[in-house]
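The values are calculated or read from the model by the stated rules, or taken from the named source; none is laboratory data. Only a predicted model underlies this, so the values are computations on that prediction, with no experimental measurement involved. Here the Cβ positions follow ideal geometry from the backbone for every residue, glycine too, while neighbour counts run over all protein chains shown. What goes into the accessible areas is simple: the full protein's heavy atoms, side chains included, and nothing from ligands, DNA or RNA. Shrake-Rupley method; radii C 1.70, N 1.55, O 1.52, S 1.80 Å.
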Amino acid sequence: MIRVEDRGGARIITLDRVEKANALTQDMLAALDAAVAQAAAEGVAVLILTGAGKVFSAGADLEGMAQGLGQAPEWEVLSARIAAYPGLTLAALNGTLAGGAFGMVLACDLRVAVPGAEFFYPVMKRGYLPQPSDPRRLAALVGPARARQIILAGRRIGAAEARDWGLLDLVAEEAVEGALLLAADALGADAAHVRRMKAMF
């Protein structure tokens, strides 16, 4: 349910559960964590997360949520793994980002999305809690008031607004190509230098 490939020096991890809008299962979270850990162990300087199809991820798999997926430790393990990644991490959002999928995206260094992408976190109306690190990371990007709009008020925003708020760094017609563009300097640098630069943040 994920695919891993190398392109131009970058490691690209793709969510590939198109028939379920890339909704995340516990097995997918574990596979993502393993893929990120392997990339770090191999010294990959640039890591890109993206999705197959027209949606990045609809969030947590609803059947899994009914079985306790929302409390699974894998969510925070994955986001912490991405946040601690020694190289440059980018989320290439090929479409809408919802719910629990925010965690991995917020943990990335940079975020790119296609113009039609939308962003929403419907935990309030569904009776769930966000992952513990998500409100803090979201507030660091967009400010506390806007983070409350997204998480507490369930506000849905589009790509242009997300860029204006600071949630996105770039809106591009093709998300992965936009991410590769942002990563061009890192891809052209020595991997050790990328790690030294990342450690300054």
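Would you mind telling me the share, in percent, of accessible area of the range 1-127 contributed by carbon and sulfur at probe 1.4 angstrom? Walk me through the numbers before you get to the answer.
Details: 2580 of 4870 Å².
Carbon-and-sulfur percentage of accessible area, whole number: 53.
Residue 125: which lysines have alpha carbons under 28 Å from its alpha carbon, excluding same-chain residues fewer than 8 sequence positions away?
20, 54
Helix-only estimate, please: 222 nm mean residue ellipticity of the chain, summing -39500 (n - 2.57) across DSSP H runs of length 4 or more and dividing by its residues, to the nearest 500. Walk me through the numbers before you get to the answer.
Working: 11 runs with 84 residues, N = 201.
Per the formula, -11000 deg cm²/dmol.
Rounded to the nearest 5, what % of the DSSP beta bridges within the chain are antiparallel ones?
Numbers: 8 of 30 bridges.
Restricted to the chain, the bridges split so that about 25 percent are antiparallel.
From the Cα gyration tensor of the range 118-201, with a ≥ b ≥ c the square roots of its eigenvalues, which class applies: rounded if a/c is under 1.5, or else prolate if a/b is larger than b/c, or else oblate? Write out the running numbers ahead of the final one.
On the way: a/c = 2.76, a/b = 1.79, b/c = 1.55.
Prolate, because a/c is 1.5 or more and a/b exceeds b/c.
Probe of 1.4 angstrom, ligands and nucleic acids ignored: what's the accessible area per residue over the range 45-201, in square angstrom?
Details: 7140 Å² over 157 residues.
Here the per-residue accessible area is 45 Å².
Rounded, prolate or oblate, given the Cα gyration tensor of the range 1-101, with a/c below 1.5 counting as rounded? Don't jump to the answer; show the numbers that get you there.
Values: a/c = 2.15, a/b = 1.40, b/c = 1.53.
Oblate is the answer for the range 1-101, as a/c is 1.5 or above yet b/c matches or exceeds a/b.
Arranged from highest to lowest average of other beta-carbon atoms within 10 Å per residue, in what order do the peptides 103-111, 64-72, 24-32, 169-177 appear?
Details: 103-111: 23.7, 64-72: 15.0, 24-32: 19.8, 169-177: 17.0.
Highest to lowest by the protection proxy: 103-111, 24-32, 169-177, 64-72.
Under 1.5 on a/c is rounded, so check that first for the range 42-157, then, if it is not, pick prolate when a/b is larger than b/c and oblate when it is not; a ≥ b ≥ c are the square roots of the alpha carbon gyration tensor eigenvalues.
Numbers: a/c = 1.40, a/b = 1.28, b/c = 1.10.
The shape class here is rounded.
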